[in-house]
Amino acid sequence: MTELLFLGDSHMNCLAKPITEGRLRGYDCRIVQVPGATAVGLRHPKSKTQALQRFRDVLLPFRPDCIPVFQIGEVDCGFVIWVRAQRHGESVQQQLDASLAAYLNFLSEMQSAGYCRQIVTSATLPTIDDNPATMGEVHILRQEVQATQRERTDLTLTYNYRLQQGCRARGIDFLDIAELMLDPQTRLIRDDLKNPNLGDHHIHPDRGADLWISSLLRFLNMRP
C-alpha cells in the first residue's frame, strides 16, 4: 500500500483525527510533525527545531512506496521573515527569497534521492488578528512582529504563489489549500475556519480537517 507521509509543523494537528478514522482510504498514512518548523530552517542542520534532520531521517534512504506531503511556511510568513528582516536590517523580500530557496533546495534534494512524486501544500493563512484582546501564547511570542494580519496574509499569498511556481519548474505537485481558506470579500482567512479557542492560532480542528482531506482526495484522484 502506498504511504502518504505528512511532514510539517503543528498545523498538521487537524489531520490526526481523520487519518485515525480512515478517511484517506487506500493509503497508509503517517504524520511527522515538528512544531515551529520553518522552511528557512531546512538549510540549517542545527536549527532549533531540527526539522531538517528529522525529515531526512524518515525520508532517507528513499522508499519507492512513499509519497511525501509537505506543509510548512506559516511560521515563516507569520513570524520569521518579518523578525529576521527587523533584526538583520534586511528587506522582507530578501528574507522571503531565503525561505523559498531553502524549501525548494530541500525538495530538489529529495528528488535527487528518488522522490519523483512529492506533494507540497500551501502555507496556512495567518489567523492571528490585530486585536490584543484575543492574544494566546503564540500571539504573545510573536509580538515582536509589527506587521498587520493584512500584511501577513498578503505575504503568505505571495509566498504560496512563488512556491507554486518553484514546484512547477521542478515538476513537483502543488496543492493550494490556502486559496480555499480565503474570505472572498476580505481576502483574509474565513471566519468559519478560525479556531473556536480565540487564543489558538491553528485553524478550526474539524472544519480545517474537512477542507484538507476533501482537497487532498480530489487532488489524488485527479493524478494517475
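Remark: pairs (first residue in the range 192-211, small (G, A, S); second residue modelled with pLDDT under 90; Cβ separation under 8 Å; 6+ apart in sequence or on different chains) = G199/T134; G199/M135; G199/G136; G199/E137; G199/H139. In the range 54-68, the count of residues that are under 14 Å from the mean Cα position of the chain (by Cα) and acidic (D, E) is zero.
Of all residues in the range 165-191, those that are free of Cβ contacts under 8 Å to residues at least 40 places away in the same chain and hydrophobic (A, V, I, L, M, F, W, C) total 2. Every condition in (1) more than 16 Å from Q71 (Cβ to Cβ); (2) of a type in the set (A, V, I, L, M, F, W, C); (3) surrounded by fewer than 20 Cβ atoms within 10 Å (Cβ to Cβ) holds for L155 except the one numbered (3). Can you tell me which residues in the range 43-72 are touching a strand residue (DSSP E or B) at 6+ places or on another chain (Cβ under 9 Å), in contact (Cβ under 8 Å) with a residue 24 or more places away in the chain and either farther than 26 Å from D176 by Cα or not hydrophobic (A, V, I, L, M, F, W, C) (or both)? Answer for the range 43-72, where residues must be touching a strand residue (DSSP E or B) at 6+ places or on another chain (Cβ under 9 Å), in contact (Cβ under 8 Å) with a residue 24 or more places away in the chain and either farther than 26 Å from D176 by Cα or not hydrophobic (A, V, I, L, M, F, W, C) (or both): R63, D65, P68, Q71.
Residue check: is D173 of a type in the set (D, E, K, R) and open to solvent by 30 Å² or more (accessible area, probe 1.4 Å)? In short, no.
Given the criteria open to solvent by 40 Å² or more (accessible area, probe 1.4 Å) and either touching a strand residue (DSSP E or B) at 6+ places or on another chain (Cβ under 7 Å) or at pLDDT 95 or above (or both), does A178 qualify? Even if it seems obvious, please write down each step before you answer.
Numbers: open to solvent by 40 Å² or more (accessible area, probe 1.4 Å): no; either touching a strand residue (DSSP E or B) at 6+ places or on another chain (Cβ under 7 Å) or at pLDDT 95 or above (or both): yes.
Judged against the criteria, A178 is not a match.
When restricted to residues that are in contact with a His (Cβ under 8 Å, 6 or more places away or on another chain), surrounded by 18 or more Cβ atoms within 10 Å (Cβ to Cβ) and not in a helix (DSSP H, G or I), the range 190-224 contains 4.
Among the residues making up the range 1-58, those that are basic (K, R) and over 18 Å from N221 (Cβ atoms) are K17, R30, R43, K46, K48, R54, R56.
Where in the range 1-97 are the helices (runs of 4 or more DSSP H), entirely inside, with at least 2 residues that are touching a Ser or Thr at 6+ places or on another chain (Cβ under 9 Å) and of a type in the set (A, V, I, L, M, F, W, C)?
So the answer is 81-88.
Scan the range 30-57 for residues that are polar (S, T, N, Q) and open to solvent by 50 Å² or more (accessible area, probe 1.4 Å) and jot them down. Result: Q33, Q50, Q53. Could you go through the range 101-108 and let me know if any residue there is open to solvent by less than 50 Å² (accessible area, probe 1.4 Å), at pLDDT 95 or above and within 20 Å of L216 (Cα to Cα). Checked against the condition, which is being open to solvent by less than 50 Å² (accessible area, probe 1.4 Å), at pLDDT 95 or above and within 20 Å of L216 (Cα to Cα), the range 101-108 yields at least one hit. From the list R150, R162, the one residue that fits, being of a type outside the set (S, T, N, Q) and either assigned to a loop (DSSP other than H, G, I, E, B) or within 26 Å of L4 (Cβ to Cβ) (or both), is R162. Quick check: is even one residue across the range 123-130 open to solvent by 10 Å² or more (accessible area, probe 1.4 Å), of a type in the set (V, I, T) and more than 11 Å from the chain's Cα centre (by Cα)? Checked the range 123-130: at least one residue is open to solvent by 10 Å² or more (accessible area, probe 1.4 Å), of a type in the set (V, I, T) and more than 11 Å from the chain's Cα centre (by Cα).
The values are calculated or read from the model by the stated rules, or taken from the named source; none is laboratory data. It should be emphasised that the depicted structure is a prediction, and the values quoted were computed from it without experimental measurement. In this analysis, Cβ positions are derived from the backbone assuming ideal geometry, glycine residues included, and neighbour counts consider all displayed protein chains. Calculation scope for accessible area: heavy atoms of the full protein, side chains included, ligands and nucleic acids excluded. Shrake-Rupley method; radii C 1.70, N 1.55, O 1.52, S 1.80 Å.
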